[in-house]
Amino acid sequence: MKTKKITALALSSMLLLSGCGGKTVDGKSIAASTSISNISADTLYDQLSKGTSGKNALFSYVLDQLIDQKFPATDDMKKNAEDTYNQVLNSYTQQYGDEDTAKKQLETALKSSGSYKSIDDYKKRLVYSGV
């Protein structure tokens, strides 16, 4: 259940911070529309920023966006991250016998650590980890 909430918050944050498609009503940016009503970016932000999970999701999203914009990854950073990932995957492959099982086990370990949502999330963070 917690994962669903965080995913929803992250998605809402992306909609909110991405400009929401440019639609405005009464001078307010619209983050989402239904057949019943519109949800303004202001309302969405207020709801997200009330709870701890929402605040954490907003902070993480904004921080990721700032880092990506202000400090774009170089080819060397990407290569080093890919090399590190391949070394970790090779270690798991040796332990579990085949690459598919190794990837599943690695993803399970990453998720259970609470620090990563997926292998792609792990790879992305490796780029900026300075490894």
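Just a few scattered comments:
- Positive-end residue of Tyr45, Ser113, Val88, charge dipole of the range 44-131 with Cβ unit charges: Tyr45
- Interatomic Cα distance distribution for the range 35-106, bins of 5 angstrom, percent: 3, 13, 11, 11, 11, 13, 13, 12, 7, 5, 2, 0
- Using a probe radius of 1.4 angstrom, the carbon and sulfur fraction of the accessible surface of the range 52-124 is 48%.
The values are calculated or read from the model by the stated rules, or taken from the named source; none is laboratory data. The structure displayed is predicted, hence computed values, not measured ones. Note that each Cβ is placed from the backbone with ideal geometry, even for glycine, and that neighbours are counted across all protein chains shown. Areas reflect the complete protein model, heavy atoms only, side chains present, ligands, DNA and RNA absent. Shrake-Rupley method; radii C 1.70, N 1.55, O 1.52, S 1.80 Å.
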